[in-house]
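For reference, the structure is listed below as structure tokens.
Any read-out appearing in this document is the output of simple, stated calculations on the displayed coordinates, not a laboratory observation. Treat the numbers as computed from the prediction; the structure is a model and nothing was measured. Counting neighbours? That spans all protein chains shown, and the Cβs are built from the backbone with ideal geometry, glycine included.
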Amino acid sequence: MDKVLDIALDALIDTAKMLPFLFAVYILIEALEHKASDRFSRALRKLGPFGSVGGAILGCVPQCGFSVAVSNLYSGRLVSLGTLIAVYVATSDEAIPILLSNPQSASSVLSLIAAKLVIAVVAGLLIDGVIKLAHRKGNLSEKPYADLCENCGCEEHGILYSAIKHTVQIFLFLLVVSFLLGAGIELLGEERLNRVLMTDSVFQPMIAALIGLIPNCAPSVILTNLYMNGSLSFGSVVAGLSTGAGLGLVVLYRTNKRLRDNIAITAVLYLIGAASGMIINLFM
């Protein structure tokens, strides 16, 4: 019982240290999302063949709505497959706020963003290039879906409310994850946990990329915490966060009626993440 209380107290202290940083980051994120999300979508659609470059850049903004928006745009054939993949790969969800909230890991943010940006741009351009060579054209709709974030609920309230809401949600989730990780390490032992995660193995990115496909903020939180704890290599966290598109895949499967295409997109996303992570680990 004492060990459980110690683990819970350690998790609470570690998570509480992140609270002011999380709130500051989410204030900035909400300001960008509320004031500029529509302009982001319109600008992306105007980029044409360079949509994957714009998608990769915009996907670097740590917010959950853009992968959802682009999934809707792709389902309406308003953006290319390369653009969709670029946004998915570049999206980091909760990873950047969590890394920024920890001064010891904040230095990794630029490296993470740069790696994911390069992977997203290269993958997006290659995919669009292959499709163009194969003379495949998607059916374009005349106008985008009217409401790209209808279930979000944030538009009904101001930036402050949304920032507090997301900060509390992530704080509580981080608290639970930190407790579970602490309990897991205590029960399994660091050596056994490292074997499960294939620590120091060239194949670890394959596991991380598979975890990243789970359509939730949980994978990015778990992967980022494991990276900060030293259980995941940089290449592995890049692999996992490259496949982690938030709720984008859920929206894609719901709005895009071509199931085979959706499965193929998921497979391509996994291969990009796993291969990129393995290559990074080979050179680091």
Quiz item: With a 10 Å Cβ neighbour count serving as the proxy for reagent exposure, in which order, fewest first, do Leu12, Leu213, Leu73 appear?
Solution: Leu12, Leu213, Leu73
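Can you sort Phe179, Phe283 from fewest to most other Cβ atoms within 10 Å of each residue's own Cβ?
Values: Phe179 19, Phe283 6.
Placing the least packed residue first, the sequence is Phe283, Phe179.
When ranked by the protection proxy of mean other Cβ atoms within 10 Å per residue, highest first, what sequence do the peptides 252-264, 158-170, 234-246 form? Write out the running numbers ahead of the final one.
Details: 252-264: 13.9, 158-170: 17.4, 234-246: 28.7.
So the order, starting with the most tightly packed, is 234-246, 158-170, 252-264.
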